[in-house]
1. With the condition kept exactly as written, say whether any residue in segment 111-127 is on the phi > 0 side of the Ramachandran plot and out of contact with any helix residue (DSSP H, G or I) (no Cβ under 9 Å at 6 or more places or on another chain).
2. Would a scan of segment 252-264 turn up a residue that is more than 16 Å from the ligand (Cβ to nearest atom), in a loop (DSSP other than H, G, I, E, B), modelled with pLDDT of 95 or more and over 15 Å from Glu168 (Cβ atoms)?
3. With respect to Ala30, determine if the residue is under 26 Å from Asn418 (Cα atoms), part of a helix (DSSP H, G or I), small (Gly, Ala, Ser) and more than 16 Å from the chain's Cα centre (by Cα).
4. Across segment 358-409, which residue is surrounded by the fewest Cβ atoms within 10 Å (Cβ to Cβ) among those that are in contact with an Asp or Glu (Cβ under 9 Å, 6 or more places away or on another chain), small (Gly, Ala, Ser) and modelled with pLDDT of 95 or more?
5. When residues of segment 141-197 are filtered for being under 14 Å from Lys235 (Cα atoms) and out of contact with any His (no Cβ under 9 Å at 6 or more places or on another chain), how many remain?
6. So which of Asp202, Asp239, Asp262 ends up being charged (D, E, K, R) and in contact with a Gly (Cβ under 8 Å, 6 or more places away or on another chain)?
7. Check segment 190-198 and report whether any residue there is buried (at least 17 other Cβ atoms within 10 Å of the Cβ), outside the structural domain of Leu397 (by TED's automatic domain parsing) and on the phi > 0 side of the Ramachandran plot.
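The values are calculated or read from the model by the stated rules, or taken from the named source; none is laboratory data. Predicted model, so just to flag it, every value in this text is computed and none were measured. Here the Cβ positions follow ideal geometry from the backbone for every residue, glycine too, while neighbour counts run over all protein chains shown.
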Amino acid sequence: MVKENGTILITMNINKVNPATLKITDMRFADIDGAPKRCTLMKLYTNQGLVGYGEVRDASSRTYAAMLKSRILGENPCNVEKIFRRIKQFGGDSRQAGGVCAVELACMDLCGKAWGVPAWQLLGGKWRDEIRCYCDTDSEGGGRDMGAALKARMKMGFTFLKMDLGIELLTNVKDALIAPLGYLEYMRKMKHVVQTPHGSIDPRAMRGEAFELFTTAHGHTGIHITEKGLDYLEKYMADVRDVIGWEVPIAIDHIGHIPYEDCVQLLRRLEKYHLSWAEDVLPWRNTEQWKHLHAATTTPLGTGEDIYLKENFKPLLESHALAVVHPDLLTAGGMAETKKVGDMAEDYGVQMNLHMAESPIACMAAVHVAAATRNFMALELHSVDVPWWGDLVKPALSYKGGFIKVPDKPGLGIDELNEKLIKKQSCADFPQPWASTKEWDREWSNDRRWS
Ligand SMILES: [Mg+2]
């Protein structure tokens, strides 16, 4: 028996659990920092000592999950679909979906543990025993420097690459960008203010004018790339290819908020480098623009990390604009919904890759979905440069050789969390991991959506 913040936890013994009478009794959180993003880890407790692990989307708010607590207390977590349908109305685009998804993950973990099967088995079985990973790669300097950084990833065993290629690279290149005078300088200044040293976002700084600036949509910034800017980015890409060679697949992200017409010009320039996909070049809701962009260039297009629910992927798939869907489990609607997104994409001849910038809890959940989805290609790792990241769970998560082994243990395959490390990495705003959330027990509204 372990006592944790007043709650008695019985050491897990799955043979003694009766899935038929399992009930959710509590929900608690631990926020960590520096992973490199801020991550909100969640535990769902039950009446039989079994604890399920979930996670809210990176750089999101625990409130999205906490407000669901009173709505699921007393429910049997094995009824994952029933619980998901109950709370689905409280999710939204991007981080707003974080609470619903965290609950779904924890229920899948509990269900697997209660019935003694890995989560991939709950999703219909597996297509593969190890999951190909790719990692975000940062680099200062030019294309050859980026090429060297990517080459180092290849030496680690990574067989698939992604890098940023966009207007960020042009902000200090003379005559590369057009913008209302003073705007680029203002952007540089604000970016410096909102970014923390370890690559996350300072929530206090991201309020007010910074929020307005960084959420201005692509077509509304007034930024355009000049011929010189296009030349620079094309040369950058050529230098990268020169260093990494032509065999390894590479995708690009963070093109920047530029209008549709500029995307056409840039992506046409990049066609000859045969990218795997260009990511989030337009707001995901602008289906017609995606359709026209696809008609204008042979560079493959991908999006999805901010899309909640299968039904919101459908218009884009029906438009046939995408080569790749790129959902994040913690936004798409959790494990089962993401698997459904992948299956639907398969019907349209579209590949699935997974966005993931969270802790090993979300990563393990993604591994199960990746194992169970046929048209999956690669899973994103965002924390390869954070040495302690894999140690947040026991057994420690290993991606040695660029692949993660699909576990055979029940649920997510995590024995326990590394509580010492979680305490050490606690976010300053939430210094006490797994503190009581009693204040949410009486949250209520008449949730019916029709009368
Ligand atoms: Mg992205």
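1. No, every residue in segment 111-127 fails to be on the phi > 0 side of the Ramachandran plot and out of contact with any helix residue (DSSP H, G or I) (no Cβ under 9 Å at 6 or more places or on another chain).
2. yes
3. Numbers: under 26 Å from Asn418 (Cα atoms): yes; part of a helix (DSSP H, G or I): no; small (Gly, Ala, Ser): yes; more than 16 Å from the chain's Cα centre (by Cα): yes.
Considered against the rule, which asks whether it is under 26 Å from Asn418 (Cα atoms), part of a helix (DSSP H, G or I), small (Gly, Ala, Ser) and more than 16 Å from the chain's Cα centre (by Cα), Ala30 comes out as no.
4. Once the filter is applied, the top-ranked residue is Ala371.
5. Of the residues in segment 141-197, 11 are under 14 Å from Lys235 (Cα atoms) and out of contact with any His (no Cβ under 9 Å at 6 or more places or on another chain).
6. The match here is Asp239.
7. no
Residues are listed down the side, and each one gets a yes or a no for (1) more than 19 Å from the chain's Cα centre (by Cα); (2) buried (at least 22 other Cβ atoms within 10 Å of the Cβ); (3) modelled with pLDDT of 95 or more:
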position	(1), (2), (3)
Val56	no, yes, yes
Ala65	no, yes, yes
Glu81	yes, no, yes
Lys88	no, no, yes
